[in-house]
Amino acid sequence: MTQSAAGGQPGRAFWRGYRDCAPFILIVVPFSMLFGVVARDAGLDVLQTMSMAVLVIAGASQFTAVALLQDQAPVFAALAAALVVNLRMAMYSAALVPHLGHAPLGMRALMAYLMVDQAFAVAARTYEDEPGMSRAEKVAYYMGCMMLICPFWYGFTLVGALAGNLVPASLELDFAAPVCFIALSAPLLRSAAHVAAACVSVAAAILFHGLPWSLGLFAAALAAMVAGVQTELWLKRRAAA
């Protein structure tokens, strides 16, 4: 059997994915605890908090929805904002189709349910760096990434929901969100289009921060997508010329 850099067997690829995602636990633990605390402060009980964590598994959109509901925003606005934040999952899925699209329907459904930012970032980078991985190894590697992150997300969300009032106010947990996304996105900025989209999104988010109901997220996301596409088109026209 030809052995790839991933270890030569699906089992070894699974455990490699598990290990490769381990550093993100340092961020997932405070991030998930913070959501448990914030959700309880917003009026959700433990069952509602855990139901949201288990059904959605998307910290950024969960925080967005809870914050808007806490601000008495209309439900449709909270759902729409959470949907916009979570649209990145559609882009993640499209990027992974060449590597994981061959998997059976049930496995693809499980991978879609468990998809998180950390697993995508680690797996996409590995697939790009190691094109010799077999199909079975790619699926196993991705499952290893996800199987480490998700239990910690569930478990420490429950800890935050149950013991949130015991966390001292001086212990700031909200550092975890920006640190997490900086660590995920920075290594993936590999082209001018990526950099342009990232810079425009930051500028637009700051510019439109004052809009009600987090509508600045819509504006920033739209501006970033337009900037990325236009940069890509400009580069293609330049290369053709």
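The values are calculated or read from the model by the stated rules, or taken from the named source; none is laboratory data. These numbers come from a predicted model, not from an experiment. When the accessible area is computed, the model is the full protein with side chains, heavy atoms only, and any ligands, DNA or RNA have been set aside. Shrake-Rupley method; radii C 1.70, N 1.55, O 1.52, S 1.80 Å.
Details
- Solvent-accessible area of Y113 with every protein chain in place, 1.4 Å probe, in Å² to the nearest 10: 90
- Projected-area mean, the stretch 1-106, by convex hull of Cα positions, square nanometres: 9.1
- Accessible solvent surface per residue of the stretch 1-123, calculated while the other protein chains remain in place, 1.4 angstrom probe, Å²: 49
- Solvent-accessible surface of the stretch 189-241, taken per residue with a 1.4 Å probe and all protein chains present: 69 Å².
- Sorted from longest to shortest, the spans of the Cα atoms of the stretch 189-241 along the three principal axes equal 44, 16, 12 Å.
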